[in-house]
Amino acid sequence: MFIVHVDVHVKPGCEAQFEEATLANARESVKEPGIARFDVVRRLDDPTRFVLVEVYRTPEDPARHKETPHYQTWRDTVADMMAEPRQSAKFANCYPDEDGWD
């Protein structure tokens, strides 16, 4: 698996709009064959900060995801909501392994 964490800081007052657009994107994203999981989480101590946890089946799948209409709609919709540019970090899973749990 190939995991991407996307850290997002939205402008105060944009939280609900950002969450609505992001959940719409996540619901469509999990239908993609290359996406195993797509979580949207929000910090409890700062509601302007979100993390998107995107779990892809291969390292090539994030690029395929970015070609989808729902991703492009999300990107364009939330662009002006950003308090700062979003940042991502890439990870490889250690556990569970590809077969599930060892």
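Listed by position, the helices (runs of 4 or more DSSP H) contained in the chain that have at least 2 residues being modelled with pLDDT of 95 or more and in contact with a Gly (Cβ under 7 Å, 6 or more places away or on another chain) are 61-66. Within the range 85-96, can one find any residue that is of a type in the set (Phe, Trp, Tyr) and exposed (fewer than 13 other Cβ atoms within 10 Å of the Cβ)? So far as the range 85-96 goes, yes, one or more of its residues are of a type in the set (Phe, Trp, Tyr) and exposed (fewer than 13 other Cβ atoms within 10 Å of the Cβ).
The values are calculated or read from the model by the stated rules, or taken from the named source; none is laboratory data. It should be emphasised that the depicted structure is a prediction, and the values quoted were computed from it without experimental measurement. Cβ: placed from backbone, ideal geometry, glycine included. Neighbour counts: every protein chain shown.
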